[in-house]
Amino acid sequence: MTQPFYIYNTLTRKKEEFKPLNPPYVGMYVCGPTVYGDAHLGHARPAITFDVLFRYLRHLGYKVRYVRNITDVGHLENDADEGEDKVAKKARLESLEPMEVVQYYLNRYHKAMEALNVLPPSIEPHASGHIIEQIEYIKKIIEAGYAYVSNGSVYFDVVKYNKDHHYGKLSGRNIDDLLNTTRELDGQSEKHNSFDFALWKKASPEHIMRWPSPWSDGFPGWHLECSTMSAKYLGEEFDIHGGGMDLLFPHHECEIAQSVAAQGHETVHYWMHNNMITINGQKMGKSLGNFITLDEFFSGNHKLLQQPYSPMTIRFFILQAHYRSTVDFSNEALQASEKALQRMLEGWDNLSKIEPAEVSTVDVKAIRERCYEAMNDDLSTPIVVSHLFEAVKIINTVLAGGAALSAEDSTHLKETFRIFLFDIMGIREEVGVSEEGNEAYHKAVDLLLDVRKEAKARKDWTTSDYIRDRLSEIGFEIKDTKEGVEWKLK
């Protein structure tokens, strides 16, 4: 590959050529789920976006350490460090141990990711497994003078930090605006300012998850885990930090402040954010109660769904939009994606049916180059999809006798599909049953069509038409061609 790879850096608000700190090694950290409920479509988008980035970096020859964290403690119900811990609340409501809740939903998250063909990360650290490291990290921030202890809790002093550095550089927030728009404290709060954020919270007597620390028995703040674990596994500087746009403020802004306060410099070279999945124009999320879980999409068991949608339909739906654009959920959009994916996979399947010619009458080699150009332009998967549909059009034209493809070009086109559709974009051909069951199912349909063929040879049109019509009624499309009978599920 001689083409440079450009990605959009949220911090600089422009596309930049990707140049890793220590090639061929790449360090990538992505914010994972808080595991207190089932994953929904909003969780699928960052998982798929950064899975494609992970796959593409490896395709380019980089050795990638991909860290995706699991938040299992410290994520309170709102960003003002108030309310219950989300995991602990679920545990209390269901009379379970918090780690039972974590394990149950983490197992289900992994199952959903596997269905979506999302590769597992290199390391998947848990916040609760890194309490000692987080305590040590807080000590560094206190020593640097950017945190204060209040009633057993530790808070980050945003105003003091902003005097020496720039709080708001990632999100574009202005601290003076924050001062003007946030409520004045009533004297009862432990914080100096309402937008100071917790590094450590003293646990109330009824709080389930708690650990000893120099300040109190308590638990770490939500933002702290990512600064701590990224430093532990990727070093004090690393290449890429990813996550959803909803994490840009305050979560990632706070991460930058913590890292600079503790280490004296920034850690991340490229910040990447995927945009939101919306439903009726509003962000889809657990806190808003307007989400549809991935299991509900796969089963069709939700009042807003007209039908089930397969994991690959969901994946293709997400990849048909650029990761930095918003995507609005609708049944119509998903049904269009389902049909488009079916057309794409039929094109791939038809490629193996082409009889090679001596020479090609169409140019297919340019398609691969254009796909690389699109991927190198900030992971432009919709453009890759459009180029692959150009290939499908060529394949269908050749199959219909309107063009010719040499064996060399046919092999080149197959390799292009393998690289971009399957390896990089992670699409796989779905079957509803096991490989053994799938083979038996195909043989059963072929047997029926053989019976129909024999009936036609005997001029038994009644039996022949009956088999065709019954197969059509239950969802098969039967096509008689000069090469024989072709069939597929509608």
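The values are calculated or read from the model by the stated rules, or taken from the named source; none is laboratory data. Just so you know, these numbers come straight off a predicted model, no measurement behind them. Cβ sites come from the backbone with ideal geometry, for glycine too, and all protein chains shown count toward neighbours. Please note that ligands, DNA and RNA were not included when accessible areas were found on the heavy atoms of the full protein model with its side chains. Shrake-Rupley method; radii C 1.70, N 1.55, O 1.52, S 1.80 Å.
Taking a ≥ b ≥ c as the square roots of the eigenvalues of the Cα gyration tensor, region 202-308 is classed as oblate, since a/c reaches at least 1.5 and a/b does not exceed b/c.
Under 20 Å from the 7 Å Cα→Cβ point of Glu346, by amide nitrogen: which residues of region 371-392? Only 385-392 pass the distance filter.
Averaged over its residues, region 270-343 has an accessible area of 42 Å² per residue, based on protein heavy atoms and a 1.4 Å probe. Paramagnetic label reach from Arg13 (point 7 Å along Cα→Cβ; backbone nitrogen cut-off under 19 Å): within region 141-174, residues 166-174.
Carbon-plus-sulfur fraction of the accessible area of the chain, 1.4 Å probe, in percent? Reported share for carbon and sulfur atoms: 49 percent. Scoring 446-456, 137-147, 249-259 by mean Cβ neighbours within 10 Å over their residues and listing the highest first yields 249-259, 137-147, 446-456. Available extension along the chain between Asp177 and Asp465 is 96.2 nm, counting 0.36 nm per residue and deducting the alpha carbon span. Just check region 29-106 against the gyration tensor rule for me: Cα atoms, a ≥ b ≥ c as the square roots of the eigenvalues, rounded for a/c under 1.5, and otherwise prolate or oblate depending on whether a/b exceeds b/c. Note, shape of region 29-106 comes out prolate.
Annotation: amide H of Ala403 within the under-5 Å range of Val398, sequence separation 5 or more or interchain, hydrogens built in the peptide plane. Residue-normalised convex hull volume from the C-alpha trace of region 1-143: 159 Å³ per residue. Does region 354-453 come out rounded, prolate or oblate, given a ≥ b ≥ c as the square roots of the eigenvalues of its C-alpha gyration tensor, rounded meaning a/c under 1.5 and, failing that, prolate meaning a/b above b/c? Oblate.
For region 259-418, the number of Lys pairs separated by eight or more positions or lying on different chains, with C-alpha atoms closer than 20 Å, is 9. Taken along its principal axes, the alpha carbon cloud of region 243-382 reaches lengths of 67, 44, 21 Å, longest axis first. Shown in residue order for region 298-305 are the 3J(HN,Hα) couplings computed by the Karplus curve 6.51 cos²θ - 1.76 cosθ + 1.60 at θ = phi - 60°: 5, 9, x, 8, 7, 4, 8, 9 Hz (x for Gly and Pro). Amide H contacts of Ser150 (H built 1.01 Å from N, in plane; Pro and chain starts excluded): Tyr155 sit under 5 Å, all sequence-distant by 5 or more or on other chains.
Counting every pair of alpha carbons in the chain, the share spaced more than 39 Å apart comes to 35 percent. On the beta carbon distance between Leu96 and Ala444, with R0 = 45 Å, the FRET formula returns roughly 0.50. Applying 1/(1 + (r/R0)^6) with R0 = 30 Å to the Cβ-Cβ distance of Glu136 and Leu288 gives a FRET efficiency near 0.25.
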